[in-house]
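The values are calculated or read from the model by the stated rules, or taken from the named source; none is laboratory data. Keep in mind that what you see is a predicted model, and the values were worked out from it rather than measured. Every residue, glycine as well, gets a Cβ built from its backbone with ideal geometry; the counts of neighbours run over all protein chains shown. Side chains are part of the model used for accessible areas, which takes the heavy atoms of the whole protein and leaves out ligands, DNA and RNA. Shrake-Rupley method; radii C 1.70, N 1.55, O 1.52, S 1.80 Å.
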Amino acid sequence: FATGLPHYGHLLAGTIKDIVPRYQTMRGHYVERRFGWDCHGLPIEALAQEQLGLSGTGAIRERGVDVFNETCRSLVLRYVAEWRKTVTRMGRWVDFDRDYKTMDLPYMETIWWVFKQLWDKGRVYKSYRIMPYSWKLTTPLSNFEAGNNYQEVQDPAITVRLRITRSPQPGLVGASFLIWTTTPWTLPANLAICVGPDIAYVAVRDARSGEVFVLAEARLAAYFKKPEDYTVVQVFKGRDLQGWAYEPLFTYCAGQPHAFQVLVDGFVSTTDGTGIVHIAPAYGEDDFRVGQAAGLPPVDLLDENAAFTARVPEYAGQFCKDADKAIIRRLKDEGKLVHQSTLVHSYPFCERTDTPLIYRAIEAWYVKVEDIREKLVANNATVHWMPEAIGEKRFGNWLREAKDWNISRNRFWGSCIPVWVAPDGEALCVGSIAELEALSGQKVTDLHKHVLDK
C-alpha cells in the first residue's frame, strides 16, 4: 500500500519475496519482477473519509461517489518516493520503473476477465449468508480478515424466561423455558429456540417461587445452588420438545409463519447457558442454518450502520450493542429476566477500525469452492513447502475447511463486480472493455464505479 510508510512487516515479507526469484536468477533463469501497488480497498477509503470529513456510506453518497473516488485516487500514491528509497536500501531486486497498479485499466480489466471465467464455469453465485460485518466501514469482511484481531471483552450474559403456550403436556402450559444469551441486542429478532435431540431436559419447580422452568438437566447446578432448591416435575429428551410453542419476548416479528416454537438440532450443547439456545436467523451461522431448515427468514432489524431501524422504535438509531442495557432493563421490568452476569471472552474486532464485528445475514457474491476441497488439498500436497509444516498444517487445514469465498464488499473505490442484473432477474456478466463498449455503444476509459454507473 502506498498510503503508509514501510514498516518491519513489509521489510520481512519483501526480503522473503526477493530470495526466491533472486535464487532462480542466480541459477540462470530470467525472472521478471515488477513492483506492484495495491491502490484499492479499505485503507485508502479510510484516508479519504478522514480527509473529506465523512462518516459512513450515507455521507459518502451525499457528497458524491465521484468526489470520494477521485479523492482516493489523489491520495493513493502519497508515499511512493519513500517506498522506493527504502526498498532500494534493502537491496531488493525489483523493477520500479515498470511498476503496476491495481487501479490501472489493464489490471482492472484482467480482474473482470478472471471473474468471467468463474462465471462461465458456474462458480459465481449471490446468496444470503452470515458474514462478519464491519459496521464502521459498512461492509462484510472475509472470515480470514475477521480472524486477525481478537480482543478480550466483557459482554452481558443473561437468562430469560419464555412462557410456554403450547405443549402436549397440558400441565406445562404456563411454565417457562429458560434461554441464555450473551447478545441481548439479538433478542428483538428472536424467531425460535433450539434444543439438542439427545440432551436430557427437565421441568423443575422452584422451591422459592413455585414457578416451573424447563432447562437441560446438566445445567441445573448453574441455576440452583442446592438440590433442595427445586423439585423435578418431568424429564424429556430434546426431541420430545419439538414443536412446543412459546410467547414471544417482543412483538417486532409478530405474525411470522412457523415462528416461536422449539426446533431441534445437534449443534446445541450443555457447556454453558441453559442448554436451550435462542435463535435469531439473521445473526448467527447456526441460527441462520436452523432457521432456513424451519422456513424462518433472516429478519434483520439493523441498518447498514448496525443501528436499529424504525421497525424497533424504542431503540431506533441506536447501535445494536449499545442497546443491550436498555433491553435488559426492559426485560427486568417486565419480569422476564431470571439471571444476569458478565462474561469475559475473546471476540473478533475489525482490524482497520478496531471496532467489534457483528455477525449478520448479508446478501453477497460468492465463489463456490467447497465442492473442490479434495482437489485443492491434493494439489497442495504436490507443492514443496518451506517450512513443510506451513503447507501441511496452517495452509492445509485452511484448505480442508475452505468455505465458499465472499468476494464482494459494499464499498466504492475498487474493481466493480461486472454483472448487470435486469428487473426480471436476468443477469449479464461482462468480461472485457471491448465487450462493454460493444454492449453500451460508448468508449470505456475507466472501470471505477463513479464512471461505470453513468
| Where a ≥ b ≥ c are the square roots of the eigenvalues of the C-alpha gyration tensor, would you call the range 45-145 rounded, which needs a/c under 1.5, or, failing that, prolate if a/b is larger than b/c, or oblate? | oblate
| field | Sites H345 and K443 - FRET efficiency at Förster radius 51 Å, r taken between beta-carbons, to 0.05 | value | 0.40
| said: Multiplying the sequence separation of I372 and V31 by 0.36 nm and subtracting their Cα-Cα distance, what value in nm do you get? | reply: 119.6 nm
| message | So if I take the centroid of the Cα atoms in the range 234-286 and the same for the range 72-113, what is the distance between those two points in Å? | response | 53 Å
| field | Mean ellipticity per residue at 222 nm, deg cm²/dmol - from DSSP H runs of n ≥ 4 across the chain, formula -39500 (n - 2.57) | value | -8000 deg cm²/dmol
| query | At T88 and Q117, where each label point lies 7 Å from the Cα along Cα→Cβ, what is the point-to-point distance in nanometres? | reply | 3.6 nm
| Can you give the FRET efficiency for R329 and T251, using 1/(1 + (r/R0)^6), R0 = 25 Å, r = Cβ-Cβ distance, to the nearest 0.05? | 0.90
| query | Among the aspartates and glutamates, which have Cα under 17 Å from the Cα of K226 when same-chain residues fewer than 8 positions away are ignored? | reply | D206, E211, E217
| field | Backbone N under 18 Å from the T382 label point (7 Å along Cα→Cβ), restricted to the range 18-60 | value | none
| message | Can you give me the long-range amide H partners of A175? Hydrogens built in the peptide plane at 1.01 Å from N, cutoff under 5 Å, separation of 5 or more residues or another chain. | response | I164
| Net +/- balance of residues flanking G14 in space, Cβ distance below 15 Å, scoring K and R +1, D and E -1 | +3
| query | What is the set of long-range amide H partners of V233 at a cut-off below 5 Å, with H atoms built 1.01 Å from backbone N? | reply | A203, V204, R205
| What pairs from K136/K332; K237/K368; K116/K375; K136/K368; K116/K449; K225/K321 go past 26 Å between their alpha carbons? | K136/K332; K237/K368; K136/K368; K225/K321
| Cα-based Rg and Dmax for the range 414-454, where Dmax is the largest Cα-Cα distance (Å) | 10.4, 30
| request: Let me know the shape class of the range 138-206, please: from the alpha-carbon gyration tensor, a ≥ b ≥ c as square roots of the eigenvalues, rounded when a/c is under 1.5, otherwise prolate if a/b is greater than b/c, or oblate. | output: prolate
| request: Would you mind telling me the share, in percent, of accessible area of the chain contributed by carbon and sulfur at probe 1.4 angstrom? | output: 52 percent
| Could you state the number of Å between the C-alpha centres of the range 29-61 and the range 391-431? | 19 Å
| said: Relative contact order of the range 231-285, please, whole-number percent, based on alpha carbon pairs below 8 angstrom and at least 6 residues apart. | reply: 30 percent
| request: Using the Karplus curve 6.51 cos²θ - 1.76 cosθ + 1.60 with θ = phi - 60°, work out ³J(HN,Hα) for each residue of the range 421-427 in order, rounded to whole Hz, and write x for Gly and Pro. | output: 10, 7, x, 7, x, 5, 10
| query | What is the calculated FRET efficiency for E363 to R205, with r their C-beta to C-beta distance and R₀ = 45 Å, to the nearest 0.05? | reply | 0.45
| request: Highest first, please rank the peptides 55-65, 231-241 by the mean number of other Cβ atoms sitting within 10 Å of their residues. | output: 231-241, 55-65
| said: As a test of reading the structure, rank F1, F267 by solvent-accessible area (1.4 Å probe, protein chains only), most first. | reply: F1, F267
| request: Net charge near V160: determine it from the other residues with C-beta under 14 Å of the C-beta of V160, scoring Lys and Arg +1 and Asp and Glu -1. | output: +1
| query | Per residue, what accessible area does the chain have, given a 1.4 Å probe and all protein chains present, in Å²? | reply | 53 Å²
| query | Each residue of the range 372-380 in turn: what ³J(HN,Hα) in whole Hz from Karplus with 6.51, -1.76, 1.60 and θ = phi - 60°, glycine and Pro shown as x? | reply | 10, 3, 4, 5, 4, 5, 5, 5, 4
| note | Relative contact order in percent for the chain (Cα pairs under 8 Å, 6+ apart) equals 21 percent
| request: Please give the contour-minus-distance gain from V153 to S127: 0.36 nm per residue of separation, less the Cα-Cα distance, rounded to one decimal in nm. | output: 6.2 nm
| remark: Which of (1) 22.0, 77; (2) 27.0, 86; (3) 21.2, 64 gives Rg and Dmax of the Cα atoms in Å as computed here? It is (2)
| What shape does the range 255-409 take by its C-alpha gyration tensor, where a ≥ b ≥ c are the square roots of the eigenvalues and a/c under 1.5 counts as rounded, a/b above b/c as prolate, and the rest as oblate? | prolate
| request: Name the lysines eligible as straight-distance cross-link partners of K85: C-alpha to C-alpha under 27 Å, and not fewer than 8 places from it in the same chain. | output: K17, K101
